[in-house]
1. Using only Cα atoms, tell me the angle between helix 76-97 and the longest principal axis of the chain; keep it within 0 to 90° and round to the nearest 10.
2. Over the alpha-carbon set of the stretch 24-66, work out the extent along each principal axis and list the three values in angstrom, largest first.
3. If each residue of separation counts as 0.36 nm, what is the full-extension length gain between residue 172 and residue 104 once their alpha-carbon separation is subtracted?
4. Against the globular-protein guess of 2.2 N^0.38 Å, express the Cα radius of gyration of the stretch 62-185 as a ratio, rounded to two decimals.
5. Relative to the compact-globule scaling 2.2 N^0.38 Å, provide the ratio for the alpha-carbon radius of gyration of the stretch 127-217.
6. Provide Rg and Dmax in Å for the stretch 165-219, with only Cα atoms included in the calculation.
7. Starting with the fewest neighbours, write out 89, 47 ranked by other beta-carbon atoms found within 10 Å of each beta-carbon.
8. What is the projected area of the convex hull of the Cα atoms of the chain, averaged over all directions, in nm²?
């Protein structure tokens with residue numbers, strides 16, 4: 001049986017195929033080339049050694065990959081490949097230095113790349129609404145809107161218009177605080193009030209592609 005780490009590495013190796021045979025947009029550093037080669041071979045010792053011996057330059061290497069991934073003129077496969085390499089490199093850096101800051105930065109960048117442009121929703125009595133609609137065409141298992149900005153002390157109400165249940169929570173590592181819904185059945189709703197400013201990245205644990213973000217600002 002594949003563990004989560006094994007699955008993640010296999011997915012990254014597949015993504016590397018697209019990265020190697022896609023169009024190159026900038027010259028890769030020798031470090032990135034060696035790291036990708038070790039990743040393709042699933043040589044975890046070599047990856048760890050590369051990061052531990054070059055740890056002072058790793059943040060710049062990771063951020064360069066993120067910058068490349070955010071270019072508008074590269075394919076989705078190339079974007080995903082760069083994000084995957086950046087995340088694995090950041091994980092190795094976390095293990096080498098015991099610092100999670102770079103990994104958090106990478107995971108937030110990847111999450112943000114999948115979201116719509118943030119909006120400030122119209123509130124009703126200090127409550128913003130996020131709907132979970134029924135599938136229509138290519139749109140399935142989504143939060144609408146998926147990226148909102150509210151003020152400290154305001155609340156968000158999720159309304160399930162779908163025909164199936166959803167359960168969602170903020171991702172602990174990259175969110176300002178915890179939120180965790182109960183089972184939100186069809187035709188039901190759930191509400192949470194936000195007292196702590198920051199960014200909340202949340203995901204449906206039944207449908208992993210279903211993501212959302214709430215940014216809570218100081219008043």
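1. 80 degrees
2. Between the extreme Cα coordinates on each principal axis of the stretch 24-66 lie 28, 23, 15 Å.
3. On the way: separation 68, 0.36 × 68 = 24.48 nm, distance 1.04 nm.
Gain in length upon complete extension: 23.4 nm.
4. Values: Rg = 17.2 Å, N = 124, 2.2 N^0.38 = 13.7 Å.
Scaled against compact globular proteins, the figure is 1.25.
5. On the way: Rg = 12.3 Å, N = 91, 2.2 N^0.38 = 12.2 Å.
With N residues counted in the stretch 127-217, Rg over 2.2 N^0.38 Å equals 1.01.
6. 11.5, 34
7. Values: 89 26, 47 23.
The order, fewest Cβ neighbours first, is 47, 89.
8. Numbers: hull surface 56.4 nm².
Taking a quarter of the hull surface, the average projection is 14.1 nm².
Throughout, read-outs are computed from the coordinates displayed, never taken from laboratory work. Everything quoted here is computed from the prediction, not taken from an experiment. All Cβ positions, even for glycine, are placed from backbone atoms using ideal geometry, and neighbour counts span all protein chains on display.
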